Amino acid sequence: PDGSKQRPVMIHRALFGSIERFFAVLLEHYAGAFPAWLAPVQAVGIPIGDAHVEYLEKFAAAAKKQGDLATAADYHRRVLDRLPEDNTALAALDHIYRETNDVEALVEILSRRADLARDVADDAQAEQRFRLQLGQLAEAPLGRKDEAIAAYERARELAAPGTDVREAREALER
């Protein structure tokens, strides 16, 4: 301050600097493929045969019970990759997506369930129920009027003569 030579002083505080550098070195060394002791996901279930599906569904139920809905949904998706018509996995995903309010994924699952009710089970009541739910989702949260109308029209077609399909009719008239 008085114009004379002074010794510079630097104050440095790095609480996590060495930890950050350590993880940067690990990340670079392993190229993201961490060893098991450091990996965030320790194991992944993949059903390579139909016999493994039931076992994987048990893992999915355990993950859901522990509150890990993302892992549970992932396992159920893997089951559907192996067995696209697995009603247990579809129902579980339906429940998970309702719980997490994932409307886009729920629409996909309801569409699959409606198609299965039509093509595999030949269950018009179940298909009608799923189509009504699809119409409600397409209409309200998604704002897709054309999809809602198509779903409600299909639900009306499925109704037995003389039954009350007020929901579908009211939705179509809006």
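Pairs of Cα atoms in the stretch 1-84 fall into 5 Å distance bins, from 0 up to the last occupied one, in shares of 3, 12, 14, 11, 10, 9, 10, 7, 5, 4, 3, 3, 2, 3, 2, 2, 1 percent. Using a Gaussian network for the chain with springs between C-alpha atoms less than 10 Å apart, which of these wobbles most: 78, 113, 144? Most flexible of the set in this elastic network: 144. Ignoring aspartates and glutamates fewer than eight residues from residue 58 along the same chain, the ones with Cα atoms less than 19 angstrom from its Cα are 50, 68, 74, 81, 85, 86, 94. Across the stretch 21-111, the relative contact order, built from alpha-carbon pairs under 8 Å that are at least six residues apart, equals 18 percent.
Ignoring ligands, DNA and RNA, what percent of the 1.4 Å accessible area of the chain is carbon and sulfur? C and S atoms contribute 54 percent here. Structural descriptor for the chain: relative contact order 10 percent, calculated from alpha carbon pairs under 8 angstrom and at least 6 residues apart. Averaged per residue, the chain has 70 square angstrom of accessible surface, using a 1.4 angstrom probe with ligands and nucleic acids left out. With θ taken as phi - 60° and the Karplus curve 6.51 cos²θ - 1.76 cosθ + 1.60 applied, the whole-hertz 3J(HN,Hα) list for the stretch 40-50 is x, 10, 7, 8, 10, x, 10, x, 8, x, 4 Hz, x standing for glycine and proline. What percentage of all Cα-Cα pairs in the stretch 2-155 are separated by more than 26 Å? Roughly 51 percent, once rounded to a whole number. Extending 7 Å from Cα along the Cβ direction at residue 27 and again at residue 62 yields two label points whose distance is 3.1 nm. Report, ordered by chain and residue number, the lysines lying within cross-link reach of residue 145, taken as a straight Cα distance under 18 Å and ignoring same-chain residues fewer than 8 apart. Partners found: none.
Helix content alone sets the calculated 222 nm mean residue ellipticity of the chain: runs of n ≥ 4 DSSP H residues at -39500 (n - 2.57) each, divided across all residues, give -20500 deg cm²/dmol. Within the listed set 77, 112, 98, the residue fluctuating most in the Gaussian network model of the chain (springs between alpha-carbon atoms under 10 angstrom) is 98.
The values are calculated or read from the model by the stated rules, or taken from the named source; none is laboratory data. What you see is a predicted model, and the numbers here were worked out from it, not measured in a lab. Cβ sites come from the backbone with ideal geometry, for glycine too, and all protein chains shown count toward neighbours. Side chains included, ligands, DNA and RNA excluded: accessible areas come from the protein's heavy atoms. Shrake-Rupley method; radii C 1.70, N 1.55, O 1.52, S 1.80 Å.
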